[in-house]
Amino acid sequence: MKLVFEKSVAGRKSQLIGKCDVPEVKLPEKFVRKTAPDLPQLAEVDVARHYSALNRRVHGVNSGFYPLGSCTMKYNPRVDEDMAALPGFTGIHPLAPKYATEGCREVLEMAGDFLCKISGMDAMTFQPAAGAHGEFTGVLLIKQYHKSRGDEARTKIIVPDSAHGTNPATAAMCGFEVVNIPSAPNGCVDLEALKAVLGPDTAGLMLTNPNTVGIFDENILEITRLVHEAGGLCYYDGANLNAVMGIVRPGDMGFDCIHMNLHKTFGTPHGGGGPGAGAVGCKSFLAGFLPKSAMMDGEGHIQVRSFAGNFLVVVKALAYILCLGKEGIPEAAENAVLNANYLMKQIKGTFEPAFDRICMHEFVLDLSEFKKETGVSALDVAKSLIDYGMHPPTMYFPLIVHEALMLEPTETESKETLDEAAEIFRKMYALAKEDPQYMHEAPHNAQIGRPDEVLAARKPVVRWKKQ
Amino acid sequence: MGSYVPSTQEQRKEMLAAIGLTSFKELYKDVPADMLLDKPLDIPEGMSESELAKVLSKMADKNRIFKTILRGAGAYDHYIPSIVKSVPAKEEFLTAYTPYQAEMSQGVLQSIFEYQTMICELTGMDVSNASVYDGATAAAEAMAMCRNRKRTVTLVSATTHPDVINTMKTYAFGTGDEVRIVPARDGKTDAAALKEMLTEDVAAFYVQQPNFYGQLEDAEELGALVHEGGAMYIMGCNPIALAIMKTPFECGADIAVGEGQPLGLPISYGGPYLGYMATTEKNMRKLPGRIVGETVDSKGERAYVLSLQAREQHIRREKASSNICSNEALCALTAGVYMSAMGPDGMAEAAKQCLSKAHYLAGALCAAPGVELVFKGDFFHEFVTTLPKQDEVLCALEKEGILGGLPIREGVLWCATEKADKETLDKVVEIVKEVLA
């Protein structure tokens, strides 16, 4: 398929803005760029067709089953889009006078209140623009807290080896030394390993619960108690909140601050990689450390992004929470967990779960034995699934399971879809025994064959250039 | 109760039975019993789609929509062509995940590759990433690119947007590094002060162009000073201005960042916005965030993939250059559509009209008694004036559906984009003159 630049024809254009109705002013020569930017010259029909063609080469959760573990690809309700497109939201300047922006502040307050109730926190900010950005904010709360106590010794953040890569990266961005602790054989936190690293240099612990293998750590109260005893704080990575929202609250598990991914748990669309929103909540003793905008609220606080955050994303999440309400929130969680267990049961007997027990909202398949037998890897299975129109599950994460495939169906999948998905997995299993080579070369019927990623890294070509 | 769960009560019973259970409760047997919520959440009952639409519409109605917005300060009201709204609303673009599976995501990957190319064209740089959250975080991430063992201090001009300064200070607080502010003189960076402050511990200097006051900085001269001092030069440029304005590359910048909101994103009370980051080939591997690269597939056909992932958190974890994971992909797509629809001529026209209308407004306002330019240098589309009876004037404008300039310490910061028409600008001046008479 051609790039938009390859469709450009010199002289083509649209008439999108009117003629200038005031005398033309020119930029002084010293500020003028030498050559115009080489942007495409197209008629509107060219633009429309180009992006339609691109759109046909995109698969969204509203297109089909998308069981990406750890991503919570649930259906994105259309009404949320319409609410976020209201001119009374899109046309509002963040620095308009307060009387003119009452509605925006009501959205943020109401969403904040609901999320505090759901998570068991006392205060909430929507300034962070993504989950990792929320992690950064949350760990900065911990950093400010210890600084305010005059405690310079707390230089370490504990992270289990099952954690998402953003956790240690975040801790490093906040100037902490990362202490990785190994997980127990059951995938949960190894209490002895945790005790061994706790001390007066512990600033805090970052934890996901249910964890990244889809298991609820039953020792959670002991874990947070131990960290608090050592003088550290506990940070909750809310990526897996979809399993337990309305059932249990991170605030009751002993966490002091949390982030939630509005673009996962609260149904706002992923957009191909953002915009998301990483709402950060905390207990009242940390509320004074939450970020604010210098322009909107004055100086004196940390700030992680301009203005108030990804406001329209919060509108969508608020619409979602209003729709589900007090009964719908736990209903979503329960059915997410039911769907995951049902799917796992249907697949068992072919591929094996890494942990043969009731899971939460996601489960991990361990294909290491399967690979030994057939030579077919998790990657090969994932690529073969593409030929069946199914988006592959998450591959090779978490690191503590080898040849991992992590599936998270979410609550918005029907029994029929799950049965079909299980059938496809059974086909994969059979195909691996029959024709492993076919799977090594998959996909065969997709937009492209397997791309040469090594070449891409060795000889980076990161922009188009006119020949 | 509203619900998006398709399975019926019967189906739920069937599925529970299939896994050997009879109730949902049993799924949560690992959760300590006294932790389970024993009463419903203290939030309202759920509602139908039409009811929630009413609730949110009422909230939106509590906001005042101004027909004309003459306020910028980091959020700019430009004309957004219809196609720029319709493309990102397409359901596949909207609801796709990050393109980790290249064979199923060429549409997303190619659109990002095209966006990257367009940012390179606007800035004159060799490589751009797929975006970061906004202009403020882009400036902060650029800071991190320049630091090394010996040089850890970042100098930031006092003429930078306060939110950008505060964000950079916060990121520096994270890593334990220092941000020092270079003072302003007459609304521009004090070059003599900058020269003195370029000590051996300075990694980089950041300047906004045009700056917070709308003034055009002497970017090339500042850049020369910075390089003489052995530091790196970061410029944060307005992307509409770049259609006609000297590029950061031409000014000697090592890293070009900025707020991409003017490229087709509505002002939406501050977000979602778009941070762009571009640099020279030399610094490519220091760029944080996703980068899409071109390669070939198993059949030798051109294909796009996430590239240079060895910089990123999912590979390097605590050694990653940044923790960034999700970025602003749909906003980058929007910007790409905007730049494709407007084209080089359309963007140059938008820039010229911003320039012309702002100067027209400035000239006309300064004819009113007591109103004069606070900073007298060259400006793009924003400028600061004195304004007697400030509150009364702004109130009178608001009554007519016009959001006037932003009150700041130094005066009132006005902005005019291509959207402002002569008739309205004349009306503004008339109202101002009336109040000040």
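Max-minus-min Cα coordinates of the protein assembly as shown on each principal axis give 83, 60, 59 Å, with the largest extent listed first. If you bin all the Cα-Cα distances of region B:222-288 at 5 Å, starting from zero, the percentages per bin are 4, 16, 23, 21, 17, 11, 6, 2, 0. Surface composition of chain B: carbon plus sulfur atoms hold 50% of the accessible area, using a 1.4 angstrom probe and ignoring ligands, DNA and RNA. Of all the options B:ILE324, B:ILE19, B:ILE119, the one that moves most in a Gaussian network model of chain B with Cα springs shorter than 10 angstrom is B:ILE19. Placing R0 at 56 angstrom, the Cβ-Cβ distance between A:SER148 and A:ASP82 gives a FRET efficiency of 0.80 after rounding to 0.05. One chain, two ends: A:GLU373 and A:ASP122. Fully extended at 0.36 nm per residue, the span grows by 85.1 nm beyond their Cα-Cα distance.
Of all the C-alpha pairs in region B:134-289, what % are more than 18 Å from each other? Every Cα pair in region B:134-289 considered, those over 18 Å come to 54 percent.
Label sites at B:GLU434 and B:THR175, each approximated as a point 7 angstrom past Cα along Cα to Cβ, lie 5.4 nm apart. Positive-end ranking of A:ASN261, A:LEU226, A:GLY199 along the dipole of region A:199-335, with charges on Cβ about the Cα centre, is headed by A:ASN261. Annotation: extensible slack from A:ALA53 through A:SER414 equals 127.0 nm (criterion: 0.36 nm per residue apart, minus Cα-Cα distance). Which of the listed residues, B:LEU373, B:PRO162, B:GLY74, is farthest toward the dipole's positive end in chain B, when Lys, Arg count +1 and Asp, Glu count -1 at the beta-carbon? Of the candidates, B:PRO162 comes out farthest on the positive side. Kirkwood radius and radius of gyration were both taken over the C-alpha atoms of region B:1-160, and their ratio Rg/Rh is 1.09.
Once a ≥ b ≥ c are taken as the square roots of the eigenvalues of the Cα gyration tensor of chain B, is the result rounded (a/c under 1.5), prolate (a/b larger than b/c) or oblate (a/b not larger than b/c)? Verdict is oblate for chain B. For region B:49-190, what is the number of Lys pairs with C-alpha distance below 21 angstrom, counting only pairs 8 or more positions apart or on separate chains? Lysine pairs meeting both conditions in region B:49-190 amount to 5.
The distance between label points at B:ARG185 and B:GLU49 comes to 6.3 nm (points 7 Å beyond Cα on the Cα→Cβ vector). Net charge of the neighbourhood of A:ASN186, taken over other residues with C-beta under 12 Å away and scored Lys/Arg +1, Asp/Glu -1, is -4. Scanning residues 5 or more positions from A:ALA279 or on other chains, those with amide H under 5 Å from its amide H are A:MET260, A:LEU262, with H placed 1.01 Å from N in the peptide plane.
Positive end of the dipole of region B:139-240 (Cβ unit charges, origin at the Cα centre): among B:ILE240, B:GLY230, B:GLN215, the Cα lying farthest that way belongs to B:GLY230.
Under the convention that each Lys and Arg Cβ holds +1 and each Asp and Glu Cβ holds -1, the size of the dipole of the protein assembly as shown around its Cα centre is about 1400 debye.
Please report how far the C-alpha centroid of region B:155-232 lies from that of region A:247-297, rounded to the nearest whole angstrom. Cα centroid of region B:155-232 versus Cα centroid of region A:247-297: 32 Å apart. Cross-link partners for B:LYS195 among the aspartates and glutamates, with Cα-Cα distance under 12 Å and sequence neighbours closer than 8 places in the same chain left out: B:GLU221, B:GLU228. Remark: for residue pairs A:LYS433/B:LYS25; A:LYS316/B:LYS352; A:LYS74/B:LYS286; A:LYS7/B:LYS246, the C-alpha separation exceeds 31 Å in A:LYS433/B:LYS25; A:LYS316/B:LYS352; A:LYS74/B:LYS286.
Ellipticity at 222 nm from helices only: DSSP H runs of n ≥ 4 in the protein assembly as shown, each -39500 (n - 2.57), divided by the residue count, give -11500 deg cm²/dmol.
Loop-located trypsin sites (Lys or Arg not before Pro) in region A:373-466 (DSSP state not H, G, I, E or B) with no more than 16 neighbouring Cβ atoms inside 10 Å: A:LYS465, A:LYS466. Sorted into 5 angstrom bins from 0, the C-alpha pair distances of region A:315-407 split as 3, 13, 18, 20, 16, 11, 9, 7, 3, 1, 0 percent. A straight Cα-to-Cα reach below 15 Å connects A:LYS465 with the aspartates and glutamates A:GLU6, A:ASP38, B:GLU114, B:GLU121, B:ASP126, B:GLU281, B:GLU294, residues fewer than 8 places away in its own chain not being considered.
What FRET efficiency do you get for B:SER3 and B:LYS58 if R0 is 30 Å and r is their Cβ-Cβ distance, rounded to the nearest 0.05? So the FRET efficiency works out to roughly 0.85.
For region B:268-359, the dipole from Cβ point charges (+1 on Lys and Arg, -1 on Asp and Glu) about the Cα centre works out to 400 debye, to the nearest 20. Please check which bits of region B:32-72 a label hung off A:GLU109 would reach, taking the label as a point 7 Å along Cα-to-C-beta and the cut-off as backbone N under 16 Å. Output list for this probe position: B:56, B:58-64. Over all orientations, region A:232-345 has a Cα convex hull whose mean projected area works out to 9.1 square nanometres. Size descriptor for region B:275-330, Kirkwood hydrodynamic radius: 12.6 Å (Cα pairs only, one decimal). Label-to-label distance for A:LYS427 and A:VAL32 is 6.3 nm, based on points extended 7 Å past Cα in the beta-carbon direction.
Legend note: in chain A, cysteines whose Cβ sits 4.7 Å or more from every other cysteine Cβ are A:CYS20, A:CYS71, A:CYS104, A:CYS116, A:CYS174, A:CYS188, A:CYS234, A:CYS323, A:CYS359.
The alpha carbons of chain A give a radius of gyration and a Dmax of 24.8, 77 Å, in that order. Could you pull out every one of the aspartates and glutamates with an alpha carbon less than 15 Å from that of A:LYS383, ignoring same-chain neighbours closer than 8 positions? Excluding near neighbours in sequence, the set is A:GLU403, A:ASP435, A:GLU441, A:ASP452, A:GLU453, B:GLU103, B:ASP297. The charge dipole of chain B, taken about its Cα centre with unit charges on the Cβ of Lys, Arg, Asp and Glu (plus for the first two, minus for the last two), comes to roughly 500 debye. Shape analysis of region A:372-467 yields a ratio of the Cα radius of gyration to the Kirkwood radius, Rg/Rh, of 1.05. Along its first, second and third principal axes, ordered by size, region B:262-414 spans 71, 38, 32 Å in Cα coordinates. Per q in 0.17, 0.24, 0.25, 0.31 Å⁻¹, report the Debye log10 I(q)/I(0) for region A:112-168, using one uniform scatterer on each alpha carbon and no solvent. After summing over all Cα pairs, the log10 values are -0.75, -1.10, -1.11, -1.15.
Cross-linked pairs A:LYS147/A:LYS195; A:LYS345/A:LYS427; A:LYS98/A:LYS292: Cα-Cα separations exceed 19 Å for A:LYS147/A:LYS195.
Accessible surface computed residue by residue for chain A, with neighbouring protein chains in place and a 1.4 Å probe, gives 33 Å² per residue. Using alpha carbons only, the radius of gyration of region A:29-111 set against its Kirkwood radius gives Rg/Rh = 1.14. Interface size, chains A and B: roughly 17100 Å² of accessible area buried, both sides included, 1.4 Å probe, rounded to the nearest 100. Under the combined filter of DSSP loop state and at most 12 neighbouring Cβ atoms within 10 Å, region A:81-187 retains these GluC sites (Glu not before Pro): A:GLU152.
Between the amide H of A:ALA230 and any residue lying 5 or more places away or on another chain, no distance stays under 5 Å, with hydrogens modeled in the peptide plane. Computed as a quarter of the hull surface, the mean projected area of the alpha carbon convex hull for region A:68-157 stands at 9.2 nm². Sites listed here are trypsin sites (Lys or Arg not before Pro) in region B:368-437 whose DSSP assignment is loop and whose Cβ has at most 16 other Cβ atoms within 10 Å: B:LYS376, B:LYS389, B:ARG409.
The values are calculated or read from the model by the stated rules, or taken from the named source; none is laboratory data. These numbers come from a predicted model, not from an experiment. All Cβ positions, even for glycine, are placed from backbone atoms using ideal geometry, and neighbour counts span all protein chains on display. Accessible surface is based on the protein model in full, side chains and every heavy atom, while ligands, DNA and RNA are left aside. Shrake-Rupley method; radii C 1.70, N 1.55, O 1.52, S 1.80 Å.
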